[in-house]
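This report refers to the structure that appears directly beneath it.
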Amino acid sequence: MNKQIKKDIESGCDYILPDYMGDIKKILSGRARCVPNGKFLTDSGVEITGAVEYEVLYADSENRLTAINISSDYSAVVPANAELYVDTWAEARVGSFNIRITGPRKMSLKSAVEVNATVSEHSSIGIEGDAFESSNSVEKISRVINVENSLYGKTLEREFAEEGERLPNTLPEDIEIISATGSVRVYETRPVDDGVEIKGELVIVAIVRTNEQPPFAIRRAIPFEEVVEIEGITRDMQVMGDGYITSAVCSIAEEMEESVINLNVIAEFEACAYTTEAIDVVTDAYLKESETKCAYEVLEYQTSGACQIIDAVINEKVARADVACAEARDIISLNCDARASECALTASGVEISGELAISGVACEINVDNTETYIPIKITVPYHTNVNLNCQITDKSRVSCFVTPVLCEGSFDAEDMYLKCALKVKVKVDNIESVTRLSECYVGAAVTEVPTSSRITVYYPDKNDTLFGVAKRFHTTAAKLACDNPLPDEATAAIDAASSLAGVKKLIIR
C-alpha cells in the first residue's frame, strides 16, 4: 500500500572564498539543484538525504567572471512502519533559494527544499481483540479493495562523454574552464520485460574563457537510452522514470595545433512501476453465542489513476529594455526555476501553469575591449497541458512536479529570445475509503437466542441490511435468507444499504 508524504525543509551553509579566488564585487547569478544521496530505514521512519548544489557566478575585484560551486546537505524523515516497509520513491526540488553576501569573501546560502515521497508498505490490516480466536465461531462481512503498490529500481552510476569544442591555434594552458553543469531531459519512459526503459538526453553546459576571447558557453546534448531493472514488472504497469547528474566536468586535450574541450558527466537513473494489490478488509463481525464489542475506523487508500512524464518547451520573446541589456552582445549563462505551479483538471487531463524565474549573465564589450557583465533577471509565465488516459473524478488527487532542464537565449537588435525545456511529471491517484472493523472483543454471553419454538417478527427499517439484522438477533444471514422470501438484492450483497427497503417483515426463528 502506498502513502504519499510531502515535507518542506531548509538547507543552507556559510562559505568563505579560498585564498586563490578574488574578492566578490557583484553577484551575477545563482543556480541551485537537489542531488539525492540515499534513503535509510530508521526507528522513526525513512530518512531521505541528499545535497543542494549551488553554482554562483560573480564578478571579482578585477571584473573577472568567476564561478563557485558549493553544497549544503538536506535530510527529511517520513513516517514508515518498519515491519511492513518495502521501499520509498522520493523526489526533492529547490522551491526557492537565497544568496547573501556577508563580507568581501563571505556568503550565506539558504534553500527551501520540497521533498515528495511515496512510501510503499506491505498491506496488512489487522483487527485487535479476542473475537477471532480459533475457538470462536465468528460471522463476518468483508470486501476486497484494490490498493496501489509500487516497485522500484535504480541503476549504478553511468559515465558519458562528448566532444564539446575545438579551439585551433590555442594551447591548453591558455584555456580556463569557469564552470560545467548538466541536467537530464526525458522524452519517453515505458515498461519492458525486465524493467523501465528511459530515453532522453543529457544536457551539458560549460562556460569557457581563453586568452584571446571573453567567456562563452558550450552546450551539448548526449542522447541516452537506459533500462532500469525492476524485478516483477509487467508490460501493463504504469511507470515513471528519471535521472540526475551527479558530476559534470570538462577536460582539455591537445591535438596537433588545436585544443579539444571534452565534456564528461556521471549520471544515475531510477524508475518506479505502479501495481495493484487486492486485499480483503473485514467491515463488520459478531458472535452468535456472545455479545461483541466492536470499533470501526475509516480506512483511506489510493488506487492508480495515471502517471505521465512529458518534455515541454516554452518559447518567449522579451524586449532588451525589459532586462537592461540594451548593449549586451552575448548571453553567457541562463538558469531557470519553475515557481507557483498550479494544476487544473480538464476534460482530457491536467493544465499546468506558473512562472519561470530566469536569471543569468550577459556580456558587453567595452570600447577598450574589456568586458562588463550584466545580470539578467526576469519572470515569464508558462503554460502546458498533459493528456492523461484515465477518468478523473472528484475523488482524484493530482500532483505535478515541474523541473527546468534547459534554458538558453539569444539577442537580436531589439529583443531577447528565450527557450526553456521543462520536465513535467504528473501523477493521478484515485482516493477511496472504506469503513473497516478495527477492534472486536468478546462480551457477555447471549441469554436469549431465538429457537424453533419461539418466533420473532422484525419489521426492517429502510436502512437495515441482512447482515445487520442477523447481528442484532445473533443468527446468520444465511438462515434469515432460508426462512424468508427475500429479493435478490437483499441476498446478493448482505451489507448493501437499503437492500431490505422493500421487505415488510422478517421471521426470525
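The values are calculated or read from the model by the stated rules, or taken from the named source; none is laboratory data. Just so you know, these numbers come straight off a predicted model, no measurement behind them. Here the Cβ is made from the backbone with ideal geometry for all residues, glycine too, and neighbour counts use every protein chain on show.
State whether the residues of the stretch 1-8 include one that is within 17 Å of the chain's Cα centre (by Cα), over 24 Å from Val205 (Cα atoms), modelled with pLDDT of 95 or more and among the hydrophobic types (A, V, I, L, M, F, W, C).
No: the stretch 1-8 contains no residue that is within 17 Å of the chain's Cα centre (by Cα), over 24 Å from Val205 (Cα atoms), modelled with pLDDT of 95 or more and among the hydrophobic types (A, V, I, L, M, F, W, C).
Looking at the stretch 1-57 only, could you name the residues that are among the polar types (S, T, N, Q), in contact (Cβ under 8 Å) with a residue 60 or more places away in the chain and under 25 Å from Tyr85 (Cα atoms)?
Answer for the stretch 1-57, where residues must be among the polar types (S, T, N, Q), in contact (Cβ under 8 Å) with a residue 60 or more places away in the chain and under 25 Å from Tyr85 (Cα atoms): Asn2, Gln4.
Determine, yes or no, whether Glu229 is farther than 17 Å from Glu163 by Cα and not assigned by TED's automatic domain parsing to the domain that holds Ala117.
yes
Could you pull out the residue among Asp280, Asp311, Asp322, Asp284 that is in contact (Cβ under 8 Å) with a residue 24 or more places away in the chain and either of a type in the set (A, V, I, L, M) or not in a strand (DSSP E or B) (or both)?
Asp322
Quick one: which of Ser96, Ser108 is out of contact with any Leu (no Cβ under 9 Å at 6 or more places or on another chain), at pLDDT 95 or above, closer than 24 Å to Thr246 by Cα and assigned to a strand (DSSP E or B)?
Ser108
Can you pull out every residue in the stretch 172-204 that is touching a residue at least 60 places away in the same chain (Cβ under 8 Å) and β-branched (Val, Ile, Thr)?
Correct list: Ile175, Ile177, Ile178, Thr181, Val184, Val186, Thr189, Val196, Ile198, Val203, Ile204.
Right, Ile309: of a type in the set (Val, Ile, Thr) and within 18 Å of the chain's Cα centre (by Cα) or not?
yes
How do the helices (runs of 4 or more DSSP H) wholly within the stretch 442-509 filter down when requiring 2 or more residues that are of a type outside the set (Val, Ile, Thr) and in contact (Cβ under 8 Å) with a residue 60 or more places away in the chain: which remain?
Per the criteria, 466-472.
So, Ala217, is that one farther than 19 Å from Asp242 by Cα and not assigned by TED's automatic domain parsing to the domain that holds Ile9 or not?
Here the answer is yes, as Ala217 does meet what is asked.
Looking only at the stretch 294-336, count every residue that is of a type in the set (A, V, I, L, M) and at pLDDT below 90 and tell me the total.
Selection size over the stretch 294-336: 6.
Hey, could you check the stretch 383-425 for residues that are in contact (Cβ under 8 Å) with a residue 60 or more places away in the chain and charged (D, E, K, R) and say which is farthest from Val94 (Cα to Cα)?
This residue is Glu414.
Is there a residue being part of a strand (DSSP E or B) and touching a Cys at 6+ places or on another chain (Cβ under 8 Å) anywhere in the stretch 2-12?
Taking every residue of the stretch 2-12 in turn, none turns out to be part of a strand (DSSP E or B) and touching a Cys at 6+ places or on another chain (Cβ under 8 Å).
Do we find that Val428 is closer than 18 Å to Gln302 by Cα, aliphatic (A, V, I, L, M) and in a strand (DSSP E or B) in this structure?
Taking the combined requirement at face value, the residue satisfies it.
Applying the selection to the stretch 189-213, what residues are charged (D, E, K, R) and outside any strand (DSSP E or B)?
Within the stretch 189-213, Asp193, Asp194, Glu212 qualify.
For the stretch 388-415, name all the residues that are within 30 Å of Leu202 (Cα to Cα), in a strand (DSSP E or B) and modelled with pLDDT under 90.
Matches in the stretch 388-415: Val398, Ser399, Cys400, Phe401.
Looking at the structure I just gave you, is Leu156 modelled with pLDDT of 90 or more and within 30 Å of Gly360 (Cβ to Cβ)?
Here the answer is no, as Leu156 does not meet what is asked.
Condition first: closer than 16 Å to Ile310 by Cβ, among the charged types (D, E, K, R), outside any loop (DSSP other than H, G, I, E, B) and modelled with pLDDT of 95 or more. Can you find one or more residues in the stretch 214-225 that meet it?
There is no residue in the stretch 214-225 that is closer than 16 Å to Ile310 by Cβ, among the charged types (D, E, K, R), outside any loop (DSSP other than H, G, I, E, B) and modelled with pLDDT of 95 or more.
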